[in-house]
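Read the figures in this text as sums done on the coordinates, not as results from a lab. From a predicted model like this one, the values you see are computed outputs, not experimental measurements. In this analysis, Cβ positions are derived from the backbone assuming ideal geometry, glycine residues included, and neighbour counts consider all displayed protein chains.
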Amino acid sequence: MKSAALVGACLALVSVSHGASAKISAPSGGADGEIVVTAEKRISEFDALKTPHVVLIKRADNLITEVSVVCDTRDPTLRRAELKETLRALIRAAAQDHTVTLGLGDDVVGGFDDTMLDAVIEPDSRADTSHAVVVIKTAVSATDTFDAATSRITGFIKRTPKSGRTEILRVNDWNLTIVGPERNRAALTALIAEDAKRTAAPFGPGYGYLVDGLQLPISWYQSGPLDLALYITYRMQILPLVGH
């Protein structure tokens, strides 16, 4: 009996809507990294007809969302000052809260600090308005619920002081992240092997199994509000053993 080797590492984020089931595949990456991959970019790569039934359910590592810090004070100097003060308030509040962290764009792991204020503030599409987009992340525990995890972020946004005419508006879906899926490869391989053995057993001792495609990257889909189902798009054949 043969099986293909399981290689490679991948990581990604799945877009979440409460009760929905957005499904995406993972790109290649470092074993311990965390990368934002939205459903809008990756959903076309998922094919329900080709997804094996053997999956490993994994609790997501983090829940994240993007917020837009917006200010429409007419005077541009005052507007920029109010935006900076609100952004500083976000940074101070995150440092004290310990249940959330801040980042920018795809760099959800890296910190957002005072040195980045000028770079992040941009003109808005509306006249006399500027904004800055910031990522807010909270770690997901084994006992978390979707409502509990989202409320940590919404509560944090509500409690943060806003300067002048500044608002903090959530502008993106709730997203899940998974860190270092490579850590789960041994467990996923074991599940596939166990299923292959069970499938071949009814054919008798003269038959074995061939598993092909395990060199492909791990993919996943949302199996619950805070859970992902990890899988590999492998193919299995039941074959007579040589010499039988």
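For region 217-231, just list the computed ³J(HN,Hα) in residue order, Karplus coefficients 6.51, -1.76 and 1.60, θ = phi - 60°, integers in Hz, with x standing in for Gly and Pro.
Karplus values, whole Hz, x for Gly and Pro: x, 5, 10, 7, 9, 6, 9, x, x, 10, 10, 10, 9, 8, 8.
Would you please give the FRET efficiency between Leu210 and Arg59, computed as 1/(1 + (r/R0)^6) with r the Cβ-Cβ distance and R0 = 45 Å, to the nearest 0.05?
My answer for the efficiency is 0.90.
Could you go through region 169-184 in sequence order and give the Karplus-derived ³J(HN,Hα) for each residue, using 6.51 cos²θ - 1.76 cosθ + 1.60 with θ = phi - 60°, rounded to whole Hz, and x for Gly and Pro?
For region 169-184, the Karplus curve yields 10, 6, 10, 9, 5, 6, 10, 9, 10, 10, 9, x, x, 4, 5, 9 Hz.
Please go through the residue pairs Lys58/Lys158; Lys50/Lys137; Lys84/Lys158 and name each one whose alpha carbons sit more than 21 Å apart in this structure.
Those over the limit are Lys58/Lys158; Lys50/Lys137.
Taking H as built 1.01 Å from N, whose amide H comes closer than 5 Å to the amide H of Gly180, not counting residues under 5 places away?
Excluding prolines and chain starts, which carry no amide H, the hits are Gly33.
Put a dot 7 Å past each Cα toward the Cβ at Arg88 and Arg74; how far apart are the dots in nm?
A separation of 2.6 nm, rounded to one decimal place.
Starting from the amide H of Leu239, placed 1.01 Å from N in the peptide plane, find each other amide H under 5 Å away whose residue is 5 or more places distant or on another chain.
Placed amide hydrogens put Gly208, Tyr209, Leu210 under 5 Å from Leu239.
Suppose each label sits 7 Å from its Cα in the direction of the beta carbon; what would the Asp147-Lys50 distance come out to in nanometres?
Simple spin-label model gives 4.0 nm for this pair.
Counting other beta carbons within 10 Å of each Cβ, put Phe156, Phe146 in order, fewest first.
Ordered from fewest to most neighbouring Cβ atoms within 10 Å, Phe156, Phe146 come out as Phe146, Phe156.
Mind checking Rg over Rh on region 62-174, alpha carbons, Kirkwood formula for Rh?
0.98
From the mean inverse distance of alpha carbon pairs (Kirkwood) and the Cα radius of gyration, derive Rg over Rh for region 185-244. List each step's numbers first, then the result.
Details: Rg = 14.2 Å, Rh = 13.0 Å.
Answer for region 185-244: 1.09.
Can you run phi through the Karplus equation (6.51, -1.76, 1.60; θ = phi - 60°) for region 206-214 and list ³J(HN,Hα) in whole Hz, with x for Gly and Pro?
x, 10, x, 10, 10, 10, 10, x, 6
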